[in-house]
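**Student:** Encoded as structure tokens, here's the structure I'll be asking about.
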Amino acid sequence: MRRAHTVSKRRIMARMRDFNSWFTCTGLSHAIGAVALCLAFLVPVSAALAASLNDAQRQQAMLLADGTAWVAAKSSTAVGLASRSTQPAPATNPDNHPLGAQTLSVEKQENKAQPESKRVQVYQFHYGLQQARRLGIDPDSNEVIQVKLIASVHLPLNTAEIAYGQDLLSQRTDILDKLREEQLQRGRAPFGELAELDVKASIFEPMDNQHACHLQRCVLFSLFDATRTVFSIEPVVNLQALQVTLLENP
């Protein structure tokens with residue numbers, strides 16, 4: 001019985017290691033007072049729920065959401081996040097932020113009380129207004145039946161946000177040089193371009209409410225070289241302010 005228990009435990013631990021190696025969020029092990037929510041790699045249409053919605057429904061829901069006007073919040077409690085921020089103003093004019101309004105996910109609403117319900121939920125974030133919202137859509141009538149502001153900016157990243165964050169990081173040659181230096185210290189040949197590295201992206205939510213990323217969307221990058229060795233340096237890209245910094249390690 002003891003041997004069977006040991007084998008079973010080893011199998012469980014092995015599976016946990018495999019799981020952790022796939023969904024890596026190294027910021028949790030390095031940052032003091034910071035939480036990096038590993039919600040990475042979510043495409044604009046939520047892949048986990050794609051089977052419950054056909055392509056036509058998803059595309060129609062996105063079109064309806066994109067065609068629904070954004071209304072500025074009247075108060076900070078209604079997700080007027082920008083008005084509550086104590087951080088410096090974004091580096092760009094909010095009206096022409098390069099990311100504009102982004103669709104973060106499209107998913108079928110689960111309603112146990114009404115299992116026949118076909119309502120679709122679309123989550124979006126507007127970089128100009130610094131607002132997040134959820135839209136309820138009836139796919140049969142092609143109508144938006146609910147629009148609700150969400151009091152959080154820490155929703156899943158989409159592929160456009162991740163790609164833009166990588167582009168901003170690629171322009172920081174000083175940070176790339178630090179990464180190359182770390183490889184040299186390990187006795188490895190340094191990489192040439194950022195595209196040569198395996199990049200894992202996570203939405204970054206610090207526990208410190210004075211941190212800019214507490215009220216602004218930021219992506220935490222965990223980087224791996226060809227040997228699957230993780231870099232100790234972890235860049236944080238503030239997508240709102242278009243700034244790249246490094247996660248502070250203890």
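Values quoted throughout were computed directly from the atomic coordinates according to the rules given, and no laboratory measurement underlies them. Here the structure is a predicted model, which means the values were calculated and not measured. We place every Cβ from the backbone using ideal geometry, glycine too, and count neighbours over all the protein chains shown.
**Student:** Which residues, counting only those in segment 130-162, are under 16 Å from residue 104 (Cα atoms) and among the hydrophobic types (A, V, I, L, M, F, W, C)?
**Tutor:** Answer for segment 130-162, where residues must be under 16 Å from residue 104 (Cα atoms) and among the hydrophobic types (A, V, I, L, M, F, W, C): 132, 135, 137, 147, 149, 150, 151, 153, 155, 157, 160, 162.
**Student:** Still on this structure, I have one more. So how many residues does segment 225-247 have that are over 19 Å from the mean Cα position of the chain (by Cα) and either of a type in the set (Ser, Thr, Tyr) or farther than 19 Å from residue 193 by Cα (or both)?
**Tutor:** So the answer is 3.
**Student:** Can you find, within segment 129-148, the residue that is nearest to residue 248 (Cα to Cα) among those that are touching a residue at least 40 places away in the same chain (Cβ under 8 Å) and in a loop (DSSP other than H, G, I, E, B)?
**Tutor:** Applying the filter and picking the extreme gives 130.
**Student:** May I ask you to list the residues in segment 122-145 that are touching a Leu at 6+ places or on another chain (Cβ under 7 Å) and over 22 Å from residue 240 (Cβ atoms)?
**Tutor:** Scanning segment 122-145 gives 137, 142, 144.
**Student:** Pick from 197, 220, 239: which is in contact with a Ser or Thr (Cβ under 7 Å, 6 or more places away or on another chain), surrounded by 15 or more Cβ atoms within 10 Å (Cβ to Cβ) and of a type in the set (A, V, I, L, M)?
**Tutor:** Just a single option satisfies the conditions, and that option is 220.
**Student:** Here's another thing I want to ask about it. Picking from 197, 220, which residue would you name as being over 17 Å from residue 245 (Cα atoms) and either without any contact (Cβ under 8 Å) to a residue 24 or more places away in the chain or of a type outside the set (Ser, Thr, Tyr) (or both)?
**Tutor:** Checking each option against the conditions leaves just 197.
**Student:** From the list 231, 221, which residue is under 18 Å from residue 156 (Cα atoms) and of a type in the set (Phe, Trp, Tyr)?
**Tutor:** Sole residue among the options that is under 18 Å from residue 156 (Cα atoms) and of a type in the set (Phe, Trp, Tyr): 221.
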